[in-house]
Amino acid sequence: MPTDWTPAALSDDIPAASAAPGQLGPHDLAIWRSASGRIAAWADRCPHRGMRLSHGYVRGERLSCIYHGWGYGEGGQCVRIPAHPELTPPEAIKVPVFRAVEASGVIWVAVEAPEAPPPEFPGFEAFRSLQVKAAPEALAGALGGSGLVVEAALGGATVVALIQPLRDGAVGLHLLAPEALGAAELDALSVAAEALRRRVEEGVTA
Amino acid sequence: MSETGAMRDHWYPVGMTKQLTEAGRDTLLMGEPIRVFRDGGQPQVSDGAGRALPVIDRFGHVWTSLGTPAKDLFTIPEADQPGRRLVDVGVCRVRCSPLRAVENFLDIAHFPFVHTDILGSEPHTEVERYEVEIRDDVDEVWATKVKFFQPQAAKSAEGGITTDYMYRVCAPTCSVLYKTCPPKPGEWDVIALFVQPLTETLCDVWPWMALYDDDAEMTDLIHFQQMIFVQDRSVLENQLPALLPLDPGMEIPTRADMTSIAYRRWLKRHGFTYGAQLVAA
Ligand code: FES
Ligand SMILES: [Fe+2]
């Protein structure tokens, strides 16, 4: 089931009022969640002087840059320049925004809104993300499948593996586990996922 | 290989005089390997081919050039005033353009956010209008009448005060700032930033100070300055693009950035583009 959305992170890994770096093809992203829980994916670059916005801080419904505190709200619009508290920032000061939606505990991103919503995986819930130094095909192959969405047996469970191509020869592996797995089963799944990563990475260097 | 351009014929710091040994230090200057060492007590610098490069020993640091500098290294007259403590802070390596390191040093608007509760704090974020000029007689960028509210302006400061600043860019990768000196009203503390361009995106930063601070331990003064710089480094290593954009359009300055605007203009005017990028035509 191919999709035009790219899985960029798990919802639980970006709690309210926090920001983290992500990728979408050639684009660096600042993925952030407002205090009220809204998710957004923006270009990871402050228009003022190029600081990465993923290093910024969230207050309320705004993401602020850590360098000079410029604050950005809805649609990436700059709404505050602390050096000039009286100034209403010109509309032209705007961070490029990407599409970001959540489904099945996964944050999906896209440049333009794809026609179809991202896939849902009933009966599964987001479990864990890992970075693997390998090609997407190598990872899919090691999971016994192909493409970027693979249903696989791992650590004694059936999981959904979402594979996110990253730059510099790496991939993101976002794992969805069956709902209602116990703690011991989840631990086993974690161990299996790390073993898989080692195996695939050794395959790369061998 | 990147062009060293007009910056080749200028002086750069390449080590602390006090730390120099006969065995020497292998380092880089604008991408070229050099060796800084002591010979017969005198600081020496040689390039990759073993050729001797010109040397100046000043402000606690050894200075050299890959080219032929037309001018002597700048001076800091305050350094000779009696009663000042001269502090070699040491080196801080930063994965950034040497020009971005200098620009950051010229910037006060980041104090409340990067040096929170030390050099600045919210809500005191406003940058009032100040004056900037390129002084043609000395060919330096100067910013004067800069004011900023600071919770702890220096190691010797207790409680918040409004600090006055002056900034001076006296070489492509060197800047000197003057700031209100809490123990000696009417005088200025002097803090310099000497930046050694290792490559266009890597530099060794050598802060240096000439202070009227009688009480503090030397190690405390050094640690204070190092802590400040480590905070700056977290920003400097995360700016995009890594090279300093000299043409307008890529970044959006405001009135608080007048010093940066003048610095970029001055760099461009002189063809000081090592560590900079010009917009592709
Ligand atoms: S670089 Fe973001 S506020 Fe200055
Ligand atoms: Fe700073």
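In the set (1) surrounded by 15 or more Cβ atoms within 10 Å (Cβ to Cβ); (2) away from ligand 2 (no atom under 14 Å from the Cβ); (3) of a type in the set (S, T, N, Q), residue B:81 fails one condition alone, (1).
Taken over the range B:96-114, the criterion of being farther than 21 Å from residue B:169 by Cβ and either away from ligand 1 (no atom under 12 Å from the Cβ) or open to solvent by less than 10 Å² (accessible area, probe 1.4 Å) (or both) is satisfied by B:112 alone.
Is it the case, given these coordinates, that residue A:50 is open to solvent by less than 20 Å² (accessible area, probe 1.4 Å), under 26 Å from residue B:100 (Cβ atoms) and not assigned by TED's automatic domain parsing to the domain that holds residue A:161? Let's see the steps before the verdict.
Numbers: open to solvent by less than 20 Å² (accessible area, probe 1.4 Å): yes; under 26 Å from residue B:100 (Cβ atoms): yes; not assigned by TED's automatic domain parsing to the domain that holds residue A:161: yes.
In short, yes.
Restricting to the range B:233-254, and then to whatever is surrounded by fewer than 15 Cβ atoms within 10 Å (Cβ to Cβ) and facing another protein chain (nearest Cβ under 8 Å), can you tell me which residue is farthest from residue A:96 (Cα to Cα)? Checking each candidate, the answer is B:234. So, residue A:27, is that one within 16 Å of ligand 2 (Cβ to nearest atom) and either within 19 Å of the chain's Cα centre (by Cα) or within 11 Å of another protein chain (Cβ to nearest Cβ) (or both) or not? Taking the combined requirement at face value, the residue does not satisfy it. Does residue B:61 satisfy the condition of being within 11 Å of chain A (Cβ to nearest Cβ), at pLDDT 95 or above and within 17 Å of the chain's Cα centre (by Cα)? Against the criterion (within 11 Å of chain A (Cβ to nearest Cβ), at pLDDT 95 or above and within 17 Å of the chain's Cα centre (by Cα)), residue B:61 does not qualify.
Residues are listed down the side, and each one gets a yes or a no for (1) within 16 Å of ligand 1 (Cβ to nearest atom); (2) more than 21 Å from residue B:96 (Cα to Cα):
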| residue | (1), (2) |
| --- | --- |
| A:15 | no, yes |
| A:32 | yes, yes |
| A:54 | yes, no |
| A:57 | yes, yes |
| A:67 | yes, no |
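The condition (being β-branched (Val, Ile, Thr), open to solvent by 30 Å² or more (accessible area, probe 1.4 Å), within 27 Å of residue B:162 (Cβ to Cβ) and within 16 Å of ligand 1 (Cβ to nearest atom)) is satisfied by just one residue among B:222, B:261: B:261. Residues in the range A:1-33 that are in a strand (DSSP E or B) and among the charged types (D, E, K, R): A:28, A:33. Filter the range B:232-255 for residues that are within 14 Å of ligand 2 (Cβ to nearest atom) and within 21 Å of residue B:147 (Cα to Cα) and give the result. Scanning the range B:232-255 gives a single hit, B:232. Inclusion of residue B:168 among residues that are surrounded by fewer than 16 Cβ atoms within 10 Å (Cβ to Cβ), within 17 Å of the chain's Cα centre (by Cα) and either charged (D, E, K, R) or within 13 Å of chain A (Cβ to nearest Cβ) (or both) is not warranted.
Just one of (1) on the phi > 0 side of the Ramachandran plot; (2) within 14 Å of another protein chain (Cβ to nearest Cβ) fails for residue B:271. It is (2). All conditions but one from (1) away from ligand 2 (no atom under 16 Å from the Cβ); (2) on the phi > 0 side of the Ramachandran plot apply to residue A:69; the one that does not is (1).
The values are calculated or read from the model by the stated rules, or taken from the named source; none is laboratory data. Since the structure is predicted, the reported quantities are computational estimates derived from the model, not experimental observations. As a convention, Cβ positions derive from the backbone with ideal geometry for all residues, glycine included, and neighbour counts pool all protein chains shown. In case anyone asks, the SASA skips ligands and DNA or RNA and just uses the protein heavy atoms, side chains included. Shrake-Rupley method; radii C 1.70, N 1.55, O 1.52, S 1.80 Å.
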